[in-house]
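Input: a single structure, listed below in structure tokens.
Each value in this text was obtained by applying a stated rule to the coordinates, not by laboratory testing. Here the structure is a predicted model, which is why all the values come from computation and not from measurement. Backbone-built Cβ (ideal geometry, glycine too); neighbour counts: all protein chains shown.
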């Protein structure tokens, strides 16, 4: 067996283990909440050691999210910069697109979406972890936006673009448990953005 084949199999085993850990953590969080189970319980069920768990995820929250947040953020920054300045509406579009990419990377398909809604009802703070829109991340986004658009860090338009994207994300999160909302987070997010633009559009003369 050559070295590349060995590495591929090792990577596949690692991915499979991470997927099992995430699936169980999501199930238990939906049923009991984050404080309702222990890492030891997860490790025993999956058949790995506590040390192995922490080789994959630094916390239960990260295991539930199930995505390489740092890696996803790096990829977004590179892509965001590469898209270049195309006007302020495009900034908001790009930020929303990142949120959709992040939820997709976290494995939120149709079945997983229903489970994740139950998780968010118990632990709404997890959504901020998935989409990386905490307060610290917001400040980093303002800096990133101002750099791409060529404006000062304190430019109100850069702050406003991030605030709008954040408001849309939080509004969508609040609506996720409503059965009338679109069947997946990405579609619901785009619906929220379209609604915002509709109500803020200039009145027809």
Check your understanding: Hey, can you rank 77-86, 56-65 by average C-beta count inside 10 Å, highest first?
Key -> 56-65, 77-86
**Study point:** Exposure proxy order (Cβ contacts within 10 Å, fewest to most) of 25, 43
**Key:** 43, 25
Practice item. Neighbouring Cβ atoms within 10 Å as the yardstick, rank 54, 116 fewest first. Key: 54, 116
Practice item. Work out, step by step, the length gained on full extension between residue 20 and residue 44: first 0.36 nm times the residue separation, then minus their alpha carbon distance; give nm to one decimal. Key: 7.4 nm
Point to revise | FRET efficiency, 1/(1 + (r/R0)^6) with R0 30 Å, evaluated for residue 151 and residue 203 via beta carbons | key: 0.60
**Study point:** Additional length obtainable on full extension of the chain from residue 93 to residue 125, 0.36 nm per residue less Cα span
**Key:** 9.2 nm
**Study point:** Neighbour-count ranking [beta-carbon atoms within 10 angstrom, fewest first] of 38, 73, 172, 200
**Key:** 200, 38, 73, 172
Review point. Residue 160 versus residue 13, label points 7 Å from Cα toward the beta carbon: distance in nm?
Key: 5.6
Study note, to complete from the structure: So residue 191 and residue 73, fully extended at 0.36 nm per residue minus their Cα-Cα distance, gain in nm 40.1 nm
